[in-house]
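Notes for the one structure printed next.
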Amino acid sequence: MLIRNQHPDYRKPLEAIDAETLGVAAAETVERFLARRPNHRPTPLRSLPALASELNLGAIHLKDEGYRLGLGSFKALGGAYAVIRLVLEAAEQELGHPVDIAELHSPEVAKISATMTFGCATDGNHGRSVAQGAQLVGARSVIFVHGGVSDARVAAIARYGAVMERVAGTYDDSVAEAARVCEANGWTVVSDTSWPGYERIPGLVMQGYTAIFREALEKLPEAPTHVFIQSGVGGIAAAASGYLACRLGEARPTFVVVDPARAACIFETARQGKPVKLQHGEPTVMAMLECYEPSQVAWRVLSRVADAFMTVEDEIAVEVMNLLARPFGHDPVVVSGESGGAGLAGLLVAARDPEMRAAIGLDAHSRVLLVVTEGATDPDRYRELVGLTPGDLAIAGK
């Protein structure tokens with residue numbers, strides 16, 4: 001299902017704070033911070049010409065975040081970046097003078113960061129990023145996960161020294177519990193979703209994601225005409241649409257935000273024109289996108305610069321995983337986790353439907369940008385759904 005943006009704020013300029021958070025200068029700051037990370041490399045931008053031909057499109061380019069900072073997910077850019085920013089700000093306040101990223105591991109800053117604890121709720125990937133960021137700066141992390149998070153994902157977070165806390169209920173229940181416990185203990189919540197009175201830190205998390213689209217524009221032969229981007233609580237969708245709107249202005253692409261049909265909080269928010277909290281239903285295979293309440297700051301951005309919203313069924317997400325593992329023609333093999341290919345799932349649905357194509361202007365000249373937001377972060381689940389291991393595909397791709 002696809003709907004056009006009908007919000008009264010649609011096509012209005014971003015609010016000043018959002019333009020500052022997601023604009024060109026902010027993305028350059030993120031790049032400066034990333035340059036200090038020893039394992040930082042721009043992730044691959046892959047061209048899929050055979051699939052583009054199959055769908056009667058001009059071009060499809062895919063940013064492969066399975067290679068991001070050793071975490072296998074775009075989330076590596078958000079939580080860790082926010083943690084580092086917050087440590088430097090705490091040091092500035094304590095020391096009484098500006099502190100640069102180059103001083104992050106100085107004895108003075110290390111003494112301050114060692115007293116700090118960062119907490120968050122996660123479906124898996126955001127928690128790994130926060131835990132990694134805390135480990136990088138010598139701080140402590142406490143990560144809250146709900147019952148649907150697999151043991152493999154919990155173990156992947158714990159490897160970074162995090163204290164793990166299981167919470168009954170859904171992702172949104174774990175968000176509430178993380179906020180409660182952190183407030184009671186004086187810890188800092190680094191959430192990728194926002195609520196009234198809590199926007200700046202989720203804004204920093206989104207700011208980290210702008211690196212994806214800055215890198216993409218540097219490599220693309222031409223700017224995209226369309227971006228299909230998965231949402232979850234809306235953070236990466238807001239980062240994509242906000243940054244590209246700031247960077248490209250009236251020449252910006254058409255933004256289509258894609259939700260799992262079983263956890264369509266952004267879609268329902270767009271349909272009703274205000275933030276909507278959904279009731280928990282049958283779990284979606286797209287576990288990293290199983291969110292039932294939108295980030296309010298992300299919605300504020302999307303209400304202005306997203307052009308359309310759509311839902312995809314679980315079977316299409318699994319089809320995408322298999323399509324990328326066994327691609328058309330000479331297109332490259334790409335390892336995508338269950339949630340990673342949701343944007344491509346949206347493109348498949350839209351490109352196969354004449355009415356949807358017309359509604360968003362998809363045609364034989366369209367240049368589509370997608371993001372595979374995660375690799376096989378749960379290898380057992382990947383093997384179950386694709387019938388191959390990531391290692392099998394690495395060998396096949398050589």
Residue within the stretch 247-263 that is in a loop (DSSP other than H, G, I, E, B), on the phi > 0 side of the Ramachandran plot and surrounded by fewer than 20 Cβ atoms within 10 Å (Cβ to Cβ) present: no
Test: Leu95 is without any contact (Cβ under 8 Å) to a residue 40 or more places away in the chain, surrounded by fewer than 24 Cβ atoms within 10 Å (Cβ to Cβ) and out of contact with any Lys or Arg (no Cβ under 6 Å at 6 or more places or on another chain): yes
Selected residue (only one of Lys63, Lys75 is under 19 Å from the mean Cα position of the chain (by Cα), among the basic types (Lys, Arg), surrounded by 23 or more Cβ atoms within 10 Å (Cβ to Cβ) and assigned to a helix (DSSP H, G or I)): Lys75
Residue count, the stretch 142-163 (criterion: touching a helix residue (DSSP H, G or I) at 6+ places or on another chain (Cβ under 8 Å), open to solvent by less than 30 Å² (accessible area, probe 1.4 Å) and of a type in the set (A, V, I, L, M, F, W, C)): 8
Criterion (touching a Lys or Arg at 6+ places or on another chain (Cβ under 8 Å), at pLDDT 95 or above and open to solvent by 40 Å² or more (accessible area, probe 1.4 Å)) met by exactly one of Glu222, Glu282: Glu222
Unique match (being surrounded by 15 or more Cβ atoms within 10 Å (Cβ to Cβ), part of a loop (DSSP other than H, G, I, E, B) and touching a residue at least 24 places away in the same chain (Cβ under 8 Å)) among Leu393, Leu348, Leu369, Leu388: Leu388
First in the stretch 59-83 and at positive phi, second anywhere and part of a loop (DSSP other than H, G, I, E, B), Cβ under 6 Å, 6 or more apart: Leu69/Asn39; Gly70/Asn39; Gly72/Gly375; Gly72/Thr377
Those residues of the stretch 289-315 which are open to solvent by 10 Å² or more (accessible area, probe 1.4 Å), assigned to a loop (DSSP other than H, G, I, E, B) and closer than 25 Å to Arg357 by Cα, in sequence order: Glu313
Given (1) over 23 Å from the mean Cα position of the chain (by Cα); (2) over 29 Å from Glu15 (Cα atoms); (3) open to solvent by 30 Å² or more (accessible area, probe 1.4 Å), number of the condition Asp331 does not satisfy: (3)
Enumeration of residues in the stretch 264-279 that are part of a helix (DSSP H, G or I) and without any contact (Cβ under 8 Å) to a residue 40 or more places away in the chain: Cys265, Glu268, Thr269, Gln272
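The values are calculated or read from the model by the stated rules, or taken from the named source; none is laboratory data. No experiment lies behind these values; they were computed from the predicted model shown. Positions of Cβ are generated from backbone atoms using ideal geometry, with glycine treated the same way; all protein chains shown enter the neighbour counts. SASA here: full protein model, heavy atoms, side chains in, ligands and nucleic acids out. Shrake-Rupley method; radii C 1.70, N 1.55, O 1.52, S 1.80 Å.
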